[in-house]
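S.K.: Take a look at this one; I'll ask things after.
Only the coordinates and a few stated rules stand behind these numbers; no lab work does. Fair warning: this is a prediction, and the values are worked out from it, not measured in the lab. All Cβ positions, even for glycine, are placed from backbone atoms using ideal geometry, and neighbour counts span all protein chains on display.
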Amino acid sequence: MIETDIIIIGAGPVGLFTIFEAGLLKLRCHLIDSLPQPGGQCSEIYPKKPIYDIPGFPSILAGELIDNLMEQAAPFKPGFTLGEAAVDIEKLDDGSFIVTTIKGTKHHAPIVIIAGGLGVFEPRKPPIENLEAYEDKGVEYIIKDPEFYRGKRCVIAGGGDSALDWSIFLADNNIASEVALVHRRSSFRGHLDSVQKVLDLADTGKIKLITEAEVVGVGGNGEIENVLIKHETQGDFILETDHFIPLFGLKPSLGPIADWGFEIEKNAITVNTLDYSTNIPGIYAIGDVNVYENKLKLILCGFHEGTLAVQSAFARIHPDKKNVLKYTTVNGVQGF
Ligand SMILES: Cc1cc2nc3c(=O)[nH]c(=O)nc-3n(C[C@H](O)[C@H](O)[C@H](O)COP(=O)(O)OP(=O)(O)OC[C@H]3O[C@@H](n4cnc5c(N)ncnc54)[C@H](O)[C@@H]3O)c2cc1C
């Protein structure tokens with residue numbers, strides 16, 4: 001049995017920063033994640049993509065942010081159970097919890113913080129015959145390292161931020177030799193400045209923009225060699241390519257957590273914004289996994305939520321101790 005003060009389910013950016021805030025209150029954390037590495041979406045989906053809205057960092061790669069968060073948490077010696085999904089929770093008579101993973105690892109603590117983000121990652125796949133046969137043979141649903149596409153021809157499909165941003169990144173930095181962006185409609189769902197940038201790159205010939213069209217087939221001899229495109233007005237045509245990257249987002253699925261008795265709305269856990277507590281006393285939910293009025297799924301909002309949750313957790317664990325907020329600028333950071 002792993003004993004700790006706070007079990008954090010989810011080692012994404014929000015779970016990682018919470019270790020630091022808990023550590024300042026002398027509360028130990030142990031994190032559980034179904035992925036083999038920490039970092040959540042930042043490591044799994046976009047480690048090489050720059051983020052521009054982390055306070056104090058005009059630009060930082062998602063992977064670097066995770067490295068920094070790990071370094072910041074290190075003085076507080078967090079424990080990790082990685083590569084194991086948390087599948088079961090039991091509340092004991094004293095109000096504490098036992099969380100068990102799919103491999104049977106048991107963790108015991110008075111507080112549980114769910115930082116499970118989008119839950120278990122599952123990309124939305126377009127309904128194309130034989131698509132799965134080409135997975136990892138030129139078909140990818142997530143771009144982890146843009147360098148993988150250096151000098152290659154890429155067909156990206158989708159109309160959201162991911163499709164727009166990656167098309168821009170691969171084309172504008174001269175990484176891919178050719179970038180084609182295929183989208184069903186003539187308008188996009190992404191940020192207006194990203195849409196404008198794609199249109200500008202299309203004008204200069206750096207992106208081949210194919211709208212009102214869908215990729216309906218894939219072909220090749222073992223590895224992908226071409227895609228079949230069905231155009232609303234121009235009919236069907238074949239485009240030669242080395243990669244087909246459908247970026248239609250991730251299917252939100254809370255996974256096992258959905259059955260733990262939380263109040264759920266829009267596939268997320270409802271919380272009290274006073275301290276991000278759930279309807280189960282002793283369990284908090286922070287980051288992308290929670291929902292409340294005006295919720296924004298942003299990393300910086302999750303950092304705030306984790307900070308308030310651990311203050312409340314401290315009061316639950318130590319009802320007789322008064323916690324006085326101390327600035328790290330005054331006290332420094334004293335680890336365990
Ligand atoms: C392409 C892209 C670009 C983005 N750009 C930005 C940006 O510029 N700025 C910004 O602020 N945000 C951005 N975001 C959003 C940001 O990544 C999320 O808000 C952030 O990752 C949420 O962090 P989190 O720790 O709450 O959850 P996540 O990062 O989703 O991590 C949750 C972790 O919980 C684990 N987990 C879930 N259920 C279980 C379980 N039962 N057992 C064990 N582990 C479990 C998952 O495996 C995962 O590792 C972007 C997202 C994407 C996809």
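S.K.: Please give the length that would be gained between Arg316 and Asp200 if that part of the chain were fully extended, namely 0.36 nm times their separation in residues minus their C-alpha to C-alpha distance (nm, one decimal). Don't jump to the answer; show the numbers that get you there.
M.R.: Details: separation 116, 0.36 × 116 = 41.76 nm, distance 5.50 nm.
Gain in length upon complete extension: 36.3 nm.
S.K.: How tilted is helix 13-24 with respect to the longest principal axis of the chain? Cα atoms for both, answer in degrees (0 to 90, nearest 10).
M.R.: Around 20 degrees separate the two axes.
S.K.: To the nearest Å, what is the center-to-center distance of the stretch 161-205 and the stretch 40-84, using C-alpha atoms only?
M.R.: Taking the Cα centre of the stretch 40-84 as reference, the centre of the stretch 161-205 is 26 Å away.
S.K.: Also: Counting other Cβ atoms within 10 Å, which trypsin sites (Lys or Arg not before Pro) in the stretch 94-139 have at most 10 and lie in a DSSP loop? Spell out each step's value before the answer.
M.R.: Values: sites: Lys103, Lys106, Arg124, Lys137; in loops: Lys103, Arg124, Lys137.
Loop-located and lightly packed - Lys103.
S.K.: What ranking do Cys301, Cys42, Cys29 get, fewest neighbouring Cβ atoms within 10 angstrom at the top? Before the final figure, lay out each step's value.
M.R.: Details: Cys301 17, Cys42 23, Cys29 27.
Result, fewest neighbours first: Cys301, Cys42, Cys29.
S.K.: Now for a separate question. Taking K and R as +1 and D and E as -1, what net charge do the other residues with C-beta under 10 Å from the C-beta of Gly287 add up to?
M.R.: -1
S.K.: What is the extension gain from Val324 to His231, computed as 0.36 nm multiplied by their sequence separation minus the C-alpha to C-alpha distance, in nm to one decimal? The partial results should precede the final answer.
M.R.: Working: separation 93, 0.36 × 93 = 33.48 nm, distance 6.39 nm.
Length difference between fully extended and current span is 27.1 nm.
S.K.: Within 10 Å of each candidate Cβ there may be at most 11 other Cβ atoms; applying that plus a DSSP loop requirement, which GluC sites (Glu not before Pro) in the stretch 111-199 survive? Could you put the intermediate results ahead of the total?
M.R.: Numbers: sites: Glu129, Glu132, Glu135, Glu140, Glu147, Glu178; in loops: Glu129, Glu140.
Qualifying residues, ordered by number: Glu129.
S.K.: Of the candidates Gly40, Gly159, Gly116, which one comes out as most mobile in a Gaussian network treatment of the chain with C-alpha springs shorter than 10 Å?
M.R.: Gly159
S.K.: Another one. According to a simple spin-label model (label point 7 Å from Cα along Cα-to-Cβ), what is the distance in nm between Glu132 and Thr273?
M.R.: About 4.2 nm separates the two model spin labels.
S.K.: May I pose another question? Please report Met1, Met70 as a ranked list, fewest other C-beta atoms within 10 angstrom at the top and most at the bottom.
M.R.: Values: Met1 7, Met70 16.
Ranked by crowding around the Cβ, least crowded first: Met1, Met70.
S.K.: Counting other Cβ atoms within 10 Å, keep those with at most 12, restrict to DSSP loop, and tell me which trypsin sites (Lys or Arg not before Pro) in the stretch 252-333 are left. Kindly include the intermediate steps, with their values, before the conclusion.
M.R.: Numbers: sites: Lys266, Lys295, Lys297, Arg316, Lys321, Lys322, Lys326; in loops: Lys266, Lys295, Lys297, Lys321, Lys322, Lys326.
Counting only loop positions with at most 12 other Cβ atoms within 10 Å, the trypsin sites (Lys or Arg not before Pro) in the stretch 252-333 are Lys266, Lys321, Lys322, Lys326.
S.K.: Given only helices, namely DSSP H runs of n ≥ 4 each adding -39500 (n - 2.57), what is the per-residue ellipticity at 222 nm of the chain, to the nearest 500 deg cm²/dmol?
M.R.: On the way: 7 runs with 76 residues, N = 336.
Counting only the DSSP helices, I get -7000 deg cm²/dmol.
S.K.: Expressed in nm to one decimal, what extension gain is obtained for the pair Leu61 and Ser186 from 0.36 nm per residue of sequence separation less their Cα-Cα distance?
M.R.: Length gained, Leu61 through Ser186: 41.9 nm.
S.K.: Can I ask one more? By a straight-distance test (C-alpha under 18 Å), which aspartates and glutamates pair with Lys144 as possible cross-link partners, with residues fewer than eight away in the same chain excluded?
M.R.: Correct list for Lys144: Glu44, Glu64, Asp67, Glu122, Glu135, Asp136, Asp161, Asp165, Asp172, Asp242.
S.K.: Does anyone have the angle between helix 192-203 and the longest principal axis of the chain? Alpha-carbon axes, 0 to 90°, nearest 10?
M.R.: So the helix axis and the longest Cα principal axis differ by about 30 degrees.
S.K.: List the residues of the stretch 178-210 whose backbone N lies under 17 Å from a point placed 7 Å from the Cα of Arg150 along the Cα-to-Cβ direction.
M.R.: 178
S.K.: Right, something else. How far, in degrees from 0 to 90, does helix 161-172 lean away from the longest principal axis of the Cα atoms of the chain, to the nearest 10?
M.R.: Helix 161-172 and the main axis of the chain meet at about 60 degrees.
S.K.: Here is a follow-up. If we count every other residue with Cβ under 13 angstrom of Phe314's Cβ, Lys/Arg +1 and Asp/Glu -1, where does the sum land? Can you show the working numbers first?
M.R.: On the way: positive: Lys26, Arg28, Arg316, Lys321, Lys322, Lys326; negative: Asp5, Glu21, Asp275, Asp320.
The answer is +2.
S.K.: With each pseudo-label sitting 7 Å past Cα toward Cβ, what's the Lys266-Lys106 distance in nm, one decimal?
M.R.: 3.9 nm
S.K.: Net charge around Thr241, counting only other residues with Cβ within less than 9 Å of its Cβ (Lys, Arg = +1; Asp, Glu = -1)?
M.R.: Details: positive: Lys152, Arg153; negative: Glu178, Glu225, Glu240, Asp242.
Local charge sum for Thr241: -2.
S.K.: In whole Å, what are the Cα extents of the chain along the three principal axes, biggest one first?
M.R.: Over the chain, Cα extents along the principal axes are 73, 41, 34 Å.
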